[in-house]
Amino acid sequence: MLAEATPLSLSRLLALFPVNALREKWHEQRKKADILAWAVQNASQKEIKQFLDEYFGNCKQHIYLFTHRSDITDLPNFRLPDAEKISERSDDNVRQFLYLAEVEFHVVYTNPLGEDRIKFLWPIRLEFVGNILIVRFVMMEKDVRTYFGEGVSRTVGRSLTEPQINAHLKNVLAELEVLDINGGIKHLWNQDRIDGTKIRYRKAKSMSTESMDAGAGVKRTYPDLYKELVKRPLFDSTFKTLEEDENEEMTFRADPSNGYLGLSSYADDGDGRNSFVSEIIRHN
Amino acid sequence: METEGTVLFQKLLDIIDRLFPVRPLSINEEALAQLDPDKIYIENVRSLLDVSYQDAKTLCEAATRQGLFRKQVEVLCPDGAVAATADAENLLPDHVKCLVEEDGELEPREMDTNDLQKITFYRFNRTGQVAHA
């Protein structure tokens, strides 16, 4: 898949990564578009694979967390649909696989009127850490006008989605279940590493949402409400890391009861971002 | 004064002691009294006892096997409201009615239960006898 990729596909793939990562890899201080053009023309396949692997953690990501009962030293032989495995790593209790999936977007143009199907290469990483499976999807831009300008009205479909990949994994891996991360999120919250800006939680007979004003966090603003919230299962919520934290400040989505994290910003420190996720998992 | 929740939770504490005999657990008795005995999520137990999710789940399942809890499943509409409840997922109705926002208006819609989120919860089994291990 990577070997057959057109220069345009390669450029779109590398554009998913932050400019700092591109500059660090190829020692270029130019604009992102210039670095992309240079890398597509000059970087070898091996270099590109190394880049994808090394800087995956710096990307915007959707992360799904599961428990499984497979033996990671003897995993079933499975493939991801429409995807090529481009690297594999094993280390003690960890096995990591990096895939490139081919995704076709069906888009509609309004000026002039028309439609088209456009392919992207989509990085996906599976990390088996003991009995935990971390499925990471690099975030594709929802608004295809980012790629094609104002002439494109909207995406009307895509050939491969995150739910489809997750459903496939449930079929091929033994007893794959969602990892509830309420414990991990609340651990960081208790430690004042994060605070909630929009919290969705179940009471006995309702689903409630507390949406804070800009800049305000639930724990610091309403400490009594916070003491109630931490007893409840949390759903699709938004948190921010606090300035005192050693990691860079970020806002992220978490659906703790459904084992989901949405990191919609680039990271300067990919390893730090990965450690943040590991800490959430560790405290469940 | 003991509330019904506290009395029932004392029975749960007996099960905890049997499951985790050497593990000291921090138990907030005031919070125990406030727990709704008809709607206990695994997360409620996990946070109250400050244990892992897996330990909380093990406890709830043990309480169910021993007749103290009754396990149930609820299906949620997209807005988070519970549309139906049953003793098991396969006993939920095939379709439920939900309010869905369309063009700024809330419209009642029949939705396929397979497409909606389900959550497991437990309630105290007031009619059952507690079996002792």
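The values are calculated or read from the model by the stated rules, or taken from the named source; none is laboratory data. Remember, it's a predicted structure, so these values are computed and weren't measured experimentally. Cβ atoms come from the backbone with ideal geometry, glycine included; neighbour counts cover every protein chain shown. Ligands, DNA and RNA are stripped out before the accessible areas are found, and what is left, the full protein with its side chains, is counted by its heavy atoms. Shrake-Rupley method; radii C 1.70, N 1.55, O 1.52, S 1.80 Å.
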Notebook entry, point to check: Out of A:Glu210, A:Glu175, A:Glu246, which single residue is farther than 27 Å from A:Glu141 by Cβ, outside any helix (DSSP H, G or I), at pLDDT 95 or above and open to solvent by 20 Å² or more (accessible area, probe 1.4 Å)?
Noted result: A:Glu210
Next item on the list: Return the residue satisfying two criteria in turn: it lies in segment A:166-220 and is at the interface with chain B (Cβ under 10 Å from one of its Cβ atoms) and hydroxyl-bearing (Ser, Thr, Tyr), and of such residues it is nearest to B:Tyr53 (Cα to Cα).
Entry: A:Tyr201
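Among the candidates B:Ala31, B:Ala133, which residue alone is more than 14 Å from chain A (Cβ to nearest Cβ), out of contact with any Phe, Trp or Tyr (no Cβ under 8 Å at 6 or more places or on another chain) and either at pLDDT below 90 or assigned to a loop (DSSP other than H, G, I, E, B) (or both)?
On the way: B:Ala31 fails: more than 14 Å from chain A (Cβ to nearest Cβ).
So the residue among B:Ala31, B:Ala133 that is more than 14 Å from chain A (Cβ to nearest Cβ), out of contact with any Phe, Trp or Tyr (no Cβ under 8 Å at 6 or more places or on another chain) and either at pLDDT below 90 or assigned to a loop (DSSP other than H, G, I, E, B) (or both) is B:Ala133.
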Next item on the list: For residues that are more than 10 Å from chain A (Cβ to nearest Cβ) and closer than 22 Å to B:Gln117 by Cα, scanning just segment B:59-77, find the one that is most open to solvent (accessible area, probe 1.4 Å).
Entry: B:Arg70
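Residues A:Thr67, A:Thr110: which one is of a type in the set (Ser, Thr, Tyr), in contact (Cβ under 8 Å) with a residue 24 or more places away in the chain, under 27 Å from A:Val178 (Cα atoms) and open to solvent by 20 Å² or more (accessible area, probe 1.4 Å)?
Numbers: A:Thr110 fails: under 27 Å from A:Val178 (Cα atoms).
It is A:Thr67.
Going by what's in this entry, would B:Lys39 be described as within 13 Å of another protein chain (Cβ to nearest Cβ) and either open to solvent by 20 Å² or more (accessible area, probe 1.4 Å) or in contact with a strand residue (DSSP E or B) (Cβ under 6 Å, 6 or more places away or on another chain) (or both)? Even if it seems obvious, please write down each step before you answer.
Details: within 13 Å of another protein chain (Cβ to nearest Cβ): yes; either open to solvent by 20 Å² or more (accessible area, probe 1.4 Å) or in contact with a strand residue (DSSP E or B) (Cβ under 6 Å, 6 or more places away or on another chain) (or both): yes.
Yes: the conditions hold for B:Lys39.
For segment B:43-53, name all the residues that are over 16 Å from B:Lys11 (Cα atoms) and more than 7 Å from chain A (Cβ to nearest Cβ). Talk me through it step by step, then tell me what you get.
Our first condition is that a residue be over 16 Å from B:Lys11 (Cα atoms); within segment B:43-53, this holds for B:43-44, B:46-47, B:50-53.
B:Asp50, B:Val51, listed by residue number.
Please enumerate the residues belonging to segment A:257-270 that are under 14 Å from the mean Cα position of the chain (by Cα) and assigned to a helix (DSSP H, G or I). Quick ask: steps written out before the conclusion?
Taking segment A:257-270 and keeping what is under 14 Å from the mean Cα position of the chain (by Cα), we get A:259-267, A:270.
Within segment A:257-270, just A:Gly270 meets the criteria.
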